[in-house]
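Since every read-out is calculated from the coordinates, none of them should be taken as a lab result. Nothing here was measured: the structure is a model prediction, and the numbers come from that model. We place every Cβ from the backbone using ideal geometry, glycine too, and count neighbours over all the protein chains shown.
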Amino acid sequence: MDQLKVRGGKSLQGHIQAAGAKNAMTKLLVASLISDRKCTLYNVPNIGDVEITVNLCREIGSEIEWDKKAKTIQIVTPELKTSYVPQRYSGSNRIPILMIGAMLGRTDEDIIVPTIGGDLIGARPVDLHIHALQKLGATIEYREMKKEGAYFAQAHEGLKGAVIELLYPSVGATENTILAAVRAKGTTLIKNAAIEPEIIDLILFLQKLGANIMVDVDRTIRIQQAHEFHEVEHTVMADRNEVASYAMAAIATKGRVFIEGAEHLHMIAFLNKLREIGGGFAVKRNGIEFFYESNLRGGLHLETDVHPGFMTDWQQPFVVLLTQTSGASVIHETVYENRFGYTQTLKEMGADIELFTQCLGGKMCRFASSNHLHSLVIKGPTPLKAHDIWIPDLRAGFAYIMAALLASEASTISNIEFLDRGYEDLVGKLSLLGADITRLTAPKKACKAALHNLLIKPTSEVDIGAALS
């Protein structure tokens, strides 16, 4: 098991290229399963979640050529050789459940996919997915299988368009419904849909493929049945999570970093909050430059929300950035109920953070009176000290990288496979910017000791809450 050794105290300076978006790329691979036409994708990130999704698609019959150096993938699925996704993919990521929507219109066979996985950040129930697909005419049930759960789905009578209103604008449920609706007879309306940039990227891809899809201003997405499909060439959007992560690391370390390919339109909510604390940025023709100008100020109130609000994935590194601001700030997490477990390690590194079960925000969220620690107050500026760290999830992982970059001595970071899932060439990019970071293979004894130390903490201090979405 690999570890990272990070010695802090250096400001990040330089120029990097934004990678393709993890949360767009994986869904585009699944969307290609809808037809038997060749799809060519550009700006493909070389990350673990793409590798997993490529293997998933190959399992059911996709022919894939991945040129990692050129960052391109060609995928074509002439036929579904099987509609069974093996149980070994159970918990690997959140993609298997989306394969139901993509395959329902291409097969009369029963579709079997394993339970889903992902980061340990709170419950991500699939009831919204199931309800929407049932409205379109699918039959879906959960069964225990080989000591693991699996979803069984079929639409022997075909899919029919329907009006579907989501109780919450879930990204995954919106994507699954869109994928199924492309082959459903007639017209489908999705009300209260998620409208994240990654969903718009998916819609653009599907329009090239042959779908008629419209997004209305009231969060309604209208999909008409596609009767003919075409070959597609599509460039994956830049990863706004990666852009924000390096932007915050640059400002926190009092540096200056230009991120080529960063898209202004996708970063509006983030840039507004960055400006409120005095972080510098300049939008250029081909990207955005982020820089430290002067002392950062606290007094910030921030609520995470669905797009166009402030992304929940930006929250963890932003907390680390707030440790370097002057004054107290409040963060109210409204998307996931269990996303503050990572803060215990930051407190051990010197951060002044207090958690609350109340909604400390301008509105009451769905976690009000639920006894979840989903608000925090953070005071700064505070110096951070080196620490041995075990990563619990992807975004907390980058927050820890930031904290280690700010610490005075060397930190050791374990369980970095989470970072490999979502950040392309993390060590290479940070090294290019001047960070003192090294990847090394850790002795098994050291990894077991780090895991033991994590597990003996009280459950309120670690992020071992419900994981599945």
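Assorted remarks:
- Which of A138, Q154, A102, positive extreme of dipole for the range 22-224 (C-beta unit charges): A102
- Efficiency of FRET from Cβ geometry, K38 and N286, R₀ 41 Å, rounded to 0.05: 0.90
- The percentage of C-alpha pairs in the chain whose separation is greater than 36 Å is 28%.
- Order by protection proxy (mean Cβ within 10 Å, highest first), peptides 346-356, 169-179, 418-428: 169-179, 418-428, 346-356
- Within the range 233-310, the trypsin sites (Lys or Arg not before Pro) that combine a DSSP coil assignment with at most 15 other C-beta atoms in a 10 angstrom radius are R285.
- The range 1-80 and the range 179-228: distance between their alpha carbon centers, rounded to Å: 23 Å
- Antiparallel DSSP beta bridges within the chain, percent to nearest 5: 75 percent
- When shorter helices are ignored and each DSSP H run of at least 4 residues is given -39500 (n - 2.57), the per-residue value for the chain at 222 nm works out to -8500 deg cm²/dmol.
- Ordering of 81-87, 330-336 by burial proxy (mean other Cβ atoms within 10 Å per residue, highest first): 330-336, 81-87
- Reported value for the range 22-224: 111 Å³ per residue, from the convex hull of its C-alpha atoms.
- Descending by average beta-carbon neighbour count within 10 Å, the peptides 316-325, 127-136, 259-268 line up as 316-325, 127-136, 259-268, the highest first.
- Amide H contacts of G149 (H built 1.01 Å from N, under 5 Å, at least 5 apart or other chain): T115
- Extreme residue, positive dipole direction of the chain, given options T188, T177, V54 (C-beta unit charges): V54
- Selection among T220, W390, G309 by position relative to the dipole of the chain gives W390 as farthest towards the positive end (Cβ unit charges, Cα centre).
- Annotation for the range 254-315 versus the range 347-392: alpha-carbon center distance of 20 Å.
- Over 18 Å between alpha carbons, listed pairs K10/K385; K347/K379; K81/K185; K22/K284: K81/K185; K22/K284
- Around the Cα centre of the chain, unit charges on the Cβ atoms of Lys, Arg, Asp and Glu (plus for the first two, minus for the last two) sum to a dipole of about 640 debye.
- Given charges at beta-carbon only (K, R positive; D, E negative), |dipole| of the range 168-321 in Debye: 260 debye
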